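Reviewing the structure listed below.
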Amino acid sequence: MRSGWRHGRAMRIARWTLLLGAALLGTATAAPQLLAWPYSVEIGRTTVYSDRPIPPEMRNVLARSDVLVAQSPLAEPNRERRLFLTDGGWRWDLLALTSRGAFGLRRPLRDAIIVNDSNVAADRVENGAPVGGVRSLSGVIAHETTHLLVADRLGEWRALLLPSWKSEGYADYVARESSLSDGDYARLRANGARRDAMFYYEARRRVADALRRNGGNVEAMLGGD
């Protein structure tokens, strides 16, 4: 009888521990600023959080990103955002969940952009992939900011329902880069390889082609077939 009581108590403790862990994970994912970031700075309309000291080059990185985004007709000069720079460690693992191989991400209904292993001084982000594993930090910020702007224009629900080639392809189109060079892509394709980075490369080119054909009408491209 007593051993049964102890077993029941252990099960209740385990359940409450799991529930508490899930609640903490959900809270951190929805509000990443709660993860005790040791460094932060406000630059214009952007609040930058980091797990490492933020070098002065951050201003230049944001400026380059803003130049890229400003060329989109969806751009909002006064759009506020929060940028969370990680070293690719436990904060990234916790916030990225199933997207740990990404360069960066944003959560729906949030103005937060979370970035993988970032090097501000070098304007670089790495995701650990052996091929196509490096992008510019300014380009990643521009890419994720574009996702924010698309959601602002279309609404979160419509933005979530966009075909991936449109949402990711347009974000890379604005960022003016993919993690693969033309040569990298050609070699991978010739070898019959298939990498996630190839999808982004193809999607950016597909979006560029669609915009050439429709006269550069972004909203028509996003809303059409």
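Suppose we keep only residues that are without any contact (Cβ under 8 Å) to a residue 24 or more places away in the chain and within 19 Å of Arg176 (Cβ to Cβ) within segment 99-144. Which one would you say is farthest from the chain's Cα centre (by Cα)? Even if it seems obvious, please write down each step before you answer.
Quick first cut of segment 99-144, residues without any contact (Cβ under 8 Å) to a residue 24 or more places away in the chain only: 99-100, 119, 122, 124-125, 130.
So of that shortlist, the ones also within 19 Å of Arg176 (Cβ to Cβ) come out as 122, 124-125.
Working: Ala122: 19, Arg124: 14, Val125: 11 Å.
Taking the candidates together, the pick is Ala122.
Identify, by number, the condition in (1) surrounded by fewer than 21 Cβ atoms within 10 Å (Cβ to Cβ); (2) among the hydrophobic types (A, V, I, L, M, F, W, C); (3) touching a residue at least 24 places away in the same chain (Cβ under 8 Å) that Leu148 doesn't meet.
The single condition Leu148 does not satisfy is (1).
So, Ser99, is that one under 30 Å from Leu154 (Cα atoms), buried (at least 17 other Cβ atoms within 10 Å of the Cβ), of a type in the set (S, T, N, Q) and modelled with pLDDT of 80 or more or not?
no
Please verify whether segment 151-158 includes one or more residues that are surrounded by 23 or more Cβ atoms within 10 Å (Cβ to Cβ) and either small (Gly, Ala, Ser) or in contact (Cβ under 8 Å) with a residue 12 or more places away in the chain (or both). Reasoning before the result, please.
Going residue by residue through segment 151-158, those that are surrounded by 23 or more Cβ atoms within 10 Å (Cβ to Cβ) are none.
Taking every residue of segment 151-158 in turn, none turns out to be surrounded by 23 or more Cβ atoms within 10 Å (Cβ to Cβ) and either small (Gly, Ala, Ser) or in contact (Cβ under 8 Å) with a residue 12 or more places away in the chain (or both).
Which ones in segment 192-225 are over 20 Å from Ser72 (Cβ atoms), among the acidic types (Asp, Glu) and in a helix (DSSP H, G or I)? Write out each step before concluding.
From segment 192-225, those over 20 Å from Ser72 (Cβ atoms) are 192-199, 202, 225; that's our starting set.
The next check asks that each one be among the acidic types (Asp, Glu); those that pass are 196, 202, 225.
Those that are over 20 Å from Ser72 (Cβ atoms), among the acidic types (Asp, Glu) and in a helix (DSSP H, G or I): Asp196, Glu202.
Sort out which residues of segment 49-79 are modelled with pLDDT of 95 or more and among the polar types (S, T, N, Q), and write them in order of number.
If the condition is that a residue be modelled with pLDDT of 95 or more and among the polar types (S, T, N, Q), then Ser50, Asn60, Ser65, Gln71, Ser72 are the ones that fit.
In segment 160-174, how many residues are out of contact with any Ser or Thr (no Cβ under 7 Å at 6 or more places or on another chain) and more than 13 Å from Gly104 (Cα to Cα)? Show your work before the answer.
Let us first name the residues in segment 160-174 that are out of contact with any Ser or Thr (no Cβ under 7 Å at 6 or more places or on another chain), namely 160-169, 173.
From what's left, more than 13 Å from Gly104 (Cα to Cα): 160-167, 169, 173.
Going through segment 160-174 one residue at a time, the tally reaches 10.
Being at pLDDT below 95 and surrounded by fewer than 17 Cβ atoms within 10 Å (Cβ to Cβ) is the filter; apply it to segment 191-215 and report the residue that is nearest to the chain's Cα centre (by Cα).
So, considering only residues that are at pLDDT below 95 and surrounded by fewer than 17 Cβ atoms within 10 Å (Cβ to Cβ), the one nearest to the chain's Cα centre (by Cα) is Asp196.
The values are calculated or read from the model by the stated rules, or taken from the named source; none is laboratory data. The shown structure was predicted, so the numbers you read here are calculated from the model rather than taken from an experiment. Cβ coordinates were reconstructed from backbone atoms using ideal geometry, including for glycine residues, and neighbour counts include every protein chain displayed.
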